[in-house]
1. How big is the stretch 144-217 along each principal axis, measuring the range of its Cα positions in Å and listing the largest first?
2. Rank ASN65, LEU156, GLY116 by how far each Cα sits towards the positive end of the charge dipole of the stretch 60-199 (+1 on Lys, Arg Cβ; -1 on Asp, Glu Cβ) and give me just the farthest.
3. If you average the alpha carbon positions of the stretch 100-174 and of the stretch 177-200, how far apart do those two centres end up, in angstrom?
4. Stokes-Einstein diffusion coefficient for the stretch 32-176 at 10 °C in a medium of 1.306 mPa s, Rh from the Kirkwood formula over Cα pairs: what value in µm²/s?
5. Using a 7 Å offset from the Cα along the Cα-to-Cβ direction at both ILE112 and ARG248, what is the distance between the two label points in nm, to one decimal?
6. Near ALA219, within a Cβ-to-Cβ distance under 13 Å, what is the net charge of the other residues, with Lys and Arg +1 and Asp and Glu -1?
Amino acid sequence: MFDRFDPRWNDSRDRDGAGELDRDIYRDSRERADDPRDALLNDLDLPRGLERELVLDRDRVCELNGEDSRMLAAVGAFRVIPERDLDSRDDGLDSRNDSLEHLVEKGLLRTISLDGHDRGVTLTDRGRDLLEANRRERDDDRKQEFYAGVNRPRELCHDAQLYRAYKRVEKELRDAGAEVRRVVLEQELKREYQSFLQDHNRDRPDSDGRPDRDAREIAQWALEHELPYFDDRVHFPDFRVEYELDGREEHRDIEVLTPHYRGAHAAERGRTGFTCFRVRAGGRTGGWFDPRLAEELL
């Protein structure tokens with residue numbers, strides 16, 4: 001016997017008129033086919049349509065529509081996004097403000113100061129719990145990770161620019177016929193790397209905690225993960241976009257260069273082979289940039 005009612009059992013899509021509602025959802029999905037946030041919903045069983053529906057958040061219930069779902073997924077995938085960058089459209093609708101107010105009121109998002117002028121948006125723990133509670137099962141472990149709160153306060157303004165670069169690369173990939181599968185942040189790649197370094201120490205009470213991998217093993221790990229290895233270390237992008245094109249699984253590694261990237265630091269980024277996105281002073285949108293020209297152009 002069930003002792004708790006799950007509102008999804010009483011989903012309006014299962015009642016009379018579901019066909020009309022499905023057509024509305026389909027029409028809305030076609031109108032939003034160019035929304036870069038849709039790829040971040042791949043692992044989630046959340047509403048996609050215009051009307052808000054009941055969603056179970058562990059033992060609580062929340063109402064979400066497609067815009068709410070997209071906003072939660074995007075903010076969770078990139079950890080922090082400037083408020084002005086939340087919506088991909090410029091159609092004069094108030095859906096972005098309505099969703100932001102709704103999600104903040106429900107305790108799923110919160111706003112933070114970025115630099116004293118702009119505001120950013122992050123997931124709360126409850127917002128992350130809601131996404132995790134509504135995951136679809138996968139046949140592999142390549143799931144889209146979602147994060148709550150701020151991870152690197154000193155690099156907050158830099159990290160807030162990642163989503164803007166993602167929107168640019170997602171459009172280019174989509175225009176080429178590719179389909180984005182997920183986004184992998186630098187910290188996730190580094191976490192996998194640290195697990196590799198510490199693998200020999202795991203469950204060993206006599207371990208001193210220091211990794212014992214040699215340079216050859218590290219270089220091989222970097223090669224297997226298609227990451228550059230030079231100057232005796234592995235180099236990581238700000239984020240990786242995994243996608244499928246013509247039946248092949250591919251990825252593109254993205255680095256965001258803010259104005260303080262100069263000289264040798266910027267030139268090092270050029271050696272990595274990462275696709276570099278330049279952000280101008282004041283957070284103004286830049287474009288793809290060859291950091292090997294850094295000393296001349298920055």
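Read-outs throughout are calculated quantities, based only on the coordinates presented, and are distinct from any laboratory measurement. Since the model is a prediction, treat every value here as computed from it, not as a measurement. Heads up, the Cβs are rebuilt from the backbone with ideal geometry, glycines too, and the neighbour counts pull from every protein chain shown.
1. Extents along the principal axes: 53, 31, 22 Å.
2. Of the listed residues, the answer is LEU156.
3. The stretch 100-174 and the stretch 177-200 have Cα centres spaced 17 Å from each other.
4. Numbers: Rh = 15.5 Å.
It comes out at roughly 102 µm²/s.
5. 3.9 nm
6. Values: positive: ARG213, ARG216, ARG233; negative: ASP214, GLU217, GLU224, GLU226, ASP231, ASP232.
Summing Lys and Arg as +1 and Asp and Glu as -1 gives -3.
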